[in-house]
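Participant: Submitted below is the structure of interest, expressed as structure tokens.
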Amino acid sequence: MSHSGTLSPLEARASSALGGDARVPGDKSISHRALILGALAVGETRITGLLEGEDVINTAKAMGALGARVARGDDGSWTVRGVGVAGFAEPAAPLDFGNSGTGCRLVMGAVAGCPITATFDGDASLRKRPMRRILDPLELMGARAIAAAEGGRLPLTLRGARDPLPIVYRSPVASAQIKSAVLLAGLSAPGVTTVIEPEASRDHTEIMLAHFGADIVSTPEGAHGRRIALTGQPELHGAPVVVPADPSSAAFPLVAALVVEGSDILLTDVMTNPLRTGLFTTLREMGAQIEESHGRRDTGEPMANLRVRASRLRGVEVPAERAPSMIDEYLVLAVAAAFAEGTTTMRGLTELRVKESDRLAATADMLRVNGVRVEISGDDLIVEGRGHVPGGGVVATHMDHRIAMSALVMGLAADAAVRIDDSRFIATSFPDFVPMMRRLGADIG
């Protein structure tokens with residue numbers, strides 16, 4: 001599948017102060033959902049600010065293969081002419097999602113509510129990731145996995161439900177992917193489909209479903225959970241979508257500015273949805289200077305400009321209940337923790353074990369090979385910060401874009417250069433990462 005070929009190593013070296021302003025790519029979560037819901041709507045959806053990384057482009061190709069008309073305009077906007085709820089056509093070839101677990105799992109949910117059969121596949125990394133957690137609720141709704149690799153992994157052939165059933169599903173973990181897959185399948189079912197979460201995960205699917213005209217209600221459940229109820233068989237209507245800048249991508253230049261002495265940068269239009277800003281909260285607790293300005297909303301999502309200045313950081317304890325709001329940012333938080341003074345303990349990181357790689361182990365390895373003291377205790381990551389990082393290591397990226405970018409950020413302030421074994425996977429989420437960081441003053445090459 002994708003990404004075969006020669007490795008592309010890259011090195012980051014100690015840099016002078018970073019400065020200037022930048023807009024990181026559009027949010028990946030919003031981009032996937034805009035394409036999928038645009039394809040399930042009646043009429044045309046115009047999307048501006050779409051992330052044009054490989055993960056999202058693969059979702060766009062999948063929507064085309066399922067019968068929607070997807071096109072990029074000369075002005076950089078995208079249009080999707082949808083087929084309506086349950087209107088997907090059977091694809092002529094397997095749907096290749098490359099490295100994208102989000103695209104694959106959400107489209108599984110959308111296909112599960114249609115009377116078609118589709119094969120899902122991806123690269124070597126995606127083929128290792130568990131899909132059973134998605135298949136379990138979809139099979140309760142009437143879909144069937146008629147072929148799959150061992151353990152319910154890709155390549156996987158899914159037969160959608162001819163008559164989808166609404167269910168009440170209590171998710172075993174706080175996962176926006178599980179929740180979203182069930183809700184997308186529930187669009188085709190009569191009655192109300194309900195998902196109950198033990199802890200609230202990112203709510204972009206609920207916000208965007210409402211934006212496209214669905215009847216969806218979210219209410220508190222227990223101390224930290226949510227109950228989301230969707231009325232099935234709506235007629236979704238095409239709607240304009242403005243994609244804010246991705247806070248998960250903003251995390252990399254943001255942490256770089258905090259740890260490179262003298263830095264002062266401005267990141268524009270960054271999404272500030274509270275279910276996505278756990279990293280910002282944690283860094284502020286560590287002493288980070290992060291100021292918000294020009295706060296506003298578009299397509300239901302809040303966004304703001306962030307001014308970030310170099311800061312003296314201190315170790316903190318990060319509670320497990322914060323994990324859903326920053327699950328993709330722990331890698332670069334670990335880099336910040338390595339430059340902090342004192343111990344940072346990050347609790348409850350079970351979900352990091354089932355990402356593009358075992359990110360918990362990979363993060364510890366990334367730090368150790370660069371002279372940082374780190375320990376894994378159960379599902380907790382404990383980093384001993386000493387105010388500086390020796391560096392000098394070569395980091396194995398494991399086909400994971402966030403490991404690659406986190407390691408390069410570390411190298412910008414480490415005592416010795418940090419090298420990664422392969423930079424190709426950065427393109428899955430942040431194609432302009434290296435050029436943008438160079439424009440801000442980073443020494444990467």
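Participant: Criterion first (at pLDDT 95 or above and surrounded by 21 or more Cβ atoms within 10 Å (Cβ to Cβ)) does Ala189 satisfy it?
Facilitator: So Ala189 passes the test.
Participant: Among Leu266, Leu275, which is the only one that is surrounded by fewer than 24 Cβ atoms within 10 Å (Cβ to Cβ), assigned by TED's automatic domain parsing to the domain that holds Gly387 and within 17 Å of the chain's Cα centre (by Cα)? I'd like the intermediate steps shown before the answer.
Facilitator: Numbers: Leu266 fails: within 17 Å of the chain's Cα centre (by Cα).
Leu275 is the lone residue from the list that is surrounded by fewer than 24 Cβ atoms within 10 Å (Cβ to Cβ), assigned by TED's automatic domain parsing to the domain that holds Gly387 and within 17 Å of the chain's Cα centre (by Cα).
Participant: Here is a follow-up. Which condition number in (1) under 25 Å from Arg322 (Cα atoms); (2) at pLDDT 95 or above; (3) touching a helix residue (DSSP H, G or I) at 6+ places or on another chain (Cβ under 7 Å) is the one that Thr272 fails?
Facilitator: Tallying (1) under 25 Å from Arg322 (Cα atoms); (2) at pLDDT 95 or above; (3) touching a helix residue (DSSP H, G or I) at 6+ places or on another chain (Cβ under 7 Å), Thr272 fails exactly one: (3).
Participant: Only one of (1) under 21 Å from Ile47 (Cβ atoms); (2) part of a loop (DSSP other than H, G, I, E, B) fails for Ala210. Which number is that?
Facilitator: The single condition Ala210 does not satisfy is (2).
Participant: Which one is surrounded by the most Cβ atoms within 10 Å (Cβ to Cβ) among residues in segment 278-319 that are hydroxyl-bearing (Ser, Thr, Tyr) and at pLDDT 95 or above?
Facilitator: Restricting attention to segment 278-319, the residues satisfying the condition of being hydroxyl-bearing (Ser, Thr, Tyr) are 281-282, 293, 299, 311.
When the remaining residues are screened for being at pLDDT 95 or above, the result is 281-282, 293, 311.
Details: Thr281: 16, Thr282: 24, Ser293: 10, Ser311: 20.
Top of the filtered list is Thr282.
Participant: Right, here's the next one. Which ones in segment 300-358 are among the basic types (Lys, Arg) and assigned to a loop (DSSP other than H, G, I, E, B)?
Facilitator: Matches in segment 300-358: Arg312, Arg347, Lys355.
Participant: Have a look at Thr350, Thr397, Thr344 and point out the one that is outside the structural domain of Glu54 (by TED's automatic domain parsing), of a type in the set (S, T, N, Q) and surrounded by fewer than 24 Cβ atoms within 10 Å (Cβ to Cβ). Spell out the reasoning first.
Facilitator: Working: Thr397 fails: surrounded by fewer than 24 Cβ atoms within 10 Å (Cβ to Cβ); Thr344 fails: surrounded by fewer than 24 Cβ atoms within 10 Å (Cβ to Cβ).
One residue alone meets the criteria, Thr350.
Participant: Would you mind finding the one in Ala93, Ala110, Ala86, Ala62 that is in a loop (DSSP other than H, G, I, E, B), among the aliphatic types (A, V, I, L, M) and in contact (Cβ under 8 Å) with a residue 40 or more places away in the chain?
Facilitator: Numbers: Ala93 fails: in contact (Cβ under 8 Å) with a residue 40 or more places away in the chain; Ala110 fails: in a loop (DSSP other than H, G, I, E, B); Ala62 fails: in a loop (DSSP other than H, G, I, E, B).
Criteria check complete, one pass: Ala86.
Participant: Can you list residue pairs whose Cβ atoms sit under 6 Å apart, with the first residue in segment 369-384 being within 21 Å of Gly411 (Cα to Cα) and the second being part of a strand (DSSP E or B) and of a type in the set (Asp, Glu)? Count only pairs 6 or more apart in sequence or on different chains.
Facilitator: Pairs that qualify, where the first residue is within 21 Å of Gly411 (Cα to Cα) and the partner is part of a strand (DSSP E or B) and of a type in the set (Asp, Glu), are Arg373/Glu384; Ile382/Glu375.
Participant: Looking at the structure I just gave you, is Leu154 part of a strand (DSSP E or B), modelled with pLDDT of 95 or more and either within 19 Å of Val85 (Cα to Cα) or not polar (S, T, N, Q) (or both)? Don't jump to the end; show me each part of the working.
Facilitator: Working: part of a strand (DSSP E or B): yes; modelled with pLDDT of 95 or more: yes; either within 19 Å of Val85 (Cα to Cα) or not polar (S, T, N, Q) (or both): yes.
Yes; evaluated as a whole, the condition is true for this residue.
Participant: Find the residue count for segment 15-58, including only residues that are among the β-branched types (Val, Ile, Thr) and buried (at least 24 other Cβ atoms within 10 Å of the Cβ). Break it down stepwise before answering.
Facilitator: From segment 15-58, those among the β-branched types (Val, Ile, Thr) are 24, 30, 36, 42, 45, 47-48, 56-57; that's our starting set.
Next, only the ones that are buried (at least 24 other Cβ atoms within 10 Å of the Cβ) stay: 24, 30, 36, 45, 47, 56.
Number satisfying all stated conditions: 6.
Participant: List the number of the failed condition for Asp269; all other conditions in (1) touching a His at 6+ places or on another chain (Cβ under 6 Å); (2) at positive phi hold.
Facilitator: With (1) touching a His at 6+ places or on another chain (Cβ under 6 Å); (2) at positive phi applied to Asp269, the lone miss is (1).
Participant: So, one more: So, of the residues in segment 217-237 that are crowded, with 21+ Cβ neighbours inside 10 Å and not charged (D, E, K, R), which turns out to be farthest from Leu51 (Cα to Cα)?
Facilitator: Filtering segment 217-237 for residues crowded, with 21+ Cβ neighbours inside 10 Å gives 226, 228, 230, 232, 236.
Now restrict to residues that are not charged (D, E, K, R): 228, 230, 232, 236.
Values: Ile228: 27, Leu230: 27, Gly232: 29, Leu236: 23 Å.
Here the residue is Gly232.
Participant: Check off (1) over 22 Å from Met346 (Cα atoms); (2) surrounded by 21 or more Cβ atoms within 10 Å (Cβ to Cβ) for Pro435 and give me the number that stays unchecked.
Facilitator: It is condition (2) that Pro435 fails.
Here's the yes/no breakdown for (1) touching an Asp or Glu at 6+ places or on another chain (Cβ under 7 Å); (2) among the hydrophobic types (A, V, I, L, M, F, W, C); (3) part of a loop (DSSP other than H, G, I, E, B):
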| position | (1), (2), (3) |
| --- | --- |
| Asn370 | no, no, yes |
| Val409 | no, yes, no |
| Phe425 | yes, yes, no |
| Arg438 | no, no, no |
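The values are calculated or read from the model by the stated rules, or taken from the named source; none is laboratory data. From a predicted model like this one, the values you see are computed outputs, not experimental measurements. Quick reminder, even Gly has a Cβ in these numbers, built from the backbone with ideal geometry, and neighbours come from all protein chains shown.
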